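Colleague: Quick one: this structure, given as structure tokens, is what I'll be asking you about.
The values are calculated or read from the model by the stated rules, or taken from the named source; none is laboratory data. Just so it is clear, the structure is predicted and the values come from calculations on it, not from any experiment. Cβ sites come from the backbone with ideal geometry, for glycine too, and all protein chains shown count toward neighbours.
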């Protein structure tokens, strides 16, 4: 590992070293430049440290009162084309990432002053707790340690690479850690388009296996499913096979939803395939108590897609769970295992009316 990105391909962009420089060079294969040569997204964001205004803990997207969230940053390094944070009015821009100072210390004080502690806390649910920035990952580790000390489960959803020193922290506190590794595809070129600064899919698979060996509770998420692009058998079959070979027996899944900012970032990346977004035009505009209004695929289209995914996953011995957060017009009761996401079954999908 090195402290900067290295250009391994002739003509590939060189990223200057700066505060908050990326951690890995080995993600980039010689035959696959990190970005197209004409890309303007090849510069890492400037990291701005800022004191936090207001409390650390807040209500997140979960429907449960004892599941809270906290944000380490404003902005995200990975710059995924489908990112809802990039479509937010509060997003600082792709060229800047705000890192809130002393989050772990303030969290410790807040937990000490609470009469009732949360059961779970999602760390940076709208961005990513493991971008290729050492200072952000170090703060993530400190927050995990504080939560473990108070016997609160840290929930981490990532598309990034977890540094070995940080993984050791997760292993040490594995009783109070849950990690979800999000994936869209094994196709490296498609992944570059959708998730330009995220870790390569094969690296995420190795990381998932490593976390499992360490005894950390880890699962995979197939999110977002994009109609006729990442929800096809051609895309999903090799991904499910690789997950099964990695020992995965359960995945969560959810379809892409659209807001104006998300569409604006995604359409140029899709290029000639941007017409697939037209399938959302006939879909419902939905909101929930914890999620802002967004445009969803028509329910019948989602039902068919989920049913197909569940049937295909079953061929590889994998069970699929859907989140009500990305399907607010599907309804399910509280989960039996105490997790924060209601489970939706294939039978429920079959019974739901479009």
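Colleague: Based on what the data block shows, is residue 343 modelled with pLDDT of 95 or more and either within 19 Å of residue 288 (Cβ to Cβ) or assigned to a loop (DSSP other than H, G, I, E, B) (or both)?
Modeller: Answer is no for this residue.
Colleague: Scan the stretch 35-52 for residues that are part of a strand (DSSP E or B) and modelled with pLDDT of 90 or more and jot them down.
Modeller: Kept after step one, since they are part of a strand (DSSP E or B), are these residues of the stretch 35-52: 46-50.
47, 48, 49, 50, listed by residue number.
Colleague: Return the only residue of 131, 118, 125, 92 being part of a loop (DSSP other than H, G, I, E, B) and over 25 Å from residue 171 (Cβ atoms). It would help to see each step written out before you state the result.
Modeller: Numbers: 131 fails: over 25 Å from residue 171 (Cβ atoms); 118 fails: over 25 Å from residue 171 (Cβ atoms); 125 fails: over 25 Å from residue 171 (Cβ atoms).
Unique residue meeting the criteria: 92.
Colleague: Output the number of the condition that residue 283 fails; it satisfies all remaining conditions of (1) farther than 30 Å from residue 248 by Cα; (2) free of Cβ contacts under 8 Å to residues at least 24 places away in the same chain; (3) outside any loop (DSSP other than H, G, I, E, B).
Modeller: (3)
Colleague: So, in the stretch 230-262, of the ones that are more than 25 Å from residue 317 (Cβ to Cβ) and touching a residue at least 40 places away in the same chain (Cβ under 8 Å), which residue ends up surrounded by the fewest Cβ atoms within 10 Å (Cβ to Cβ)?
Modeller: That would be 260.
Colleague: Name, by its number, the condition in (1) under 21 Å from the mean Cα position of the chain (by Cα); (2) over 23 Å from residue 197 (Cβ atoms); (3) surrounded by 18 or more Cβ atoms within 10 Å (Cβ to Cβ) that does not hold for residue 299.
Modeller: Here residue 299 meets the rest and fails (1).
Colleague: Further question on the same structure: Among 22, 61, 13, 55, which is part of a loop (DSSP other than H, G, I, E, B), buried (at least 17 other Cβ atoms within 10 Å of the Cβ) and at pLDDT 50 or above?
Modeller: None of the other options fit; the residue is 61.
Colleague: Continuing with this model, one more query. Can you say whether residue 278 is surrounded by 15 or more Cβ atoms within 10 Å (Cβ to Cβ) and outside any loop (DSSP other than H, G, I, E, B), as far as the supplied structure shows?
Modeller: Values: surrounded by 15 or more Cβ atoms within 10 Å (Cβ to Cβ): no; outside any loop (DSSP other than H, G, I, E, B): yes.
So residue 278 does not fit the description; no.
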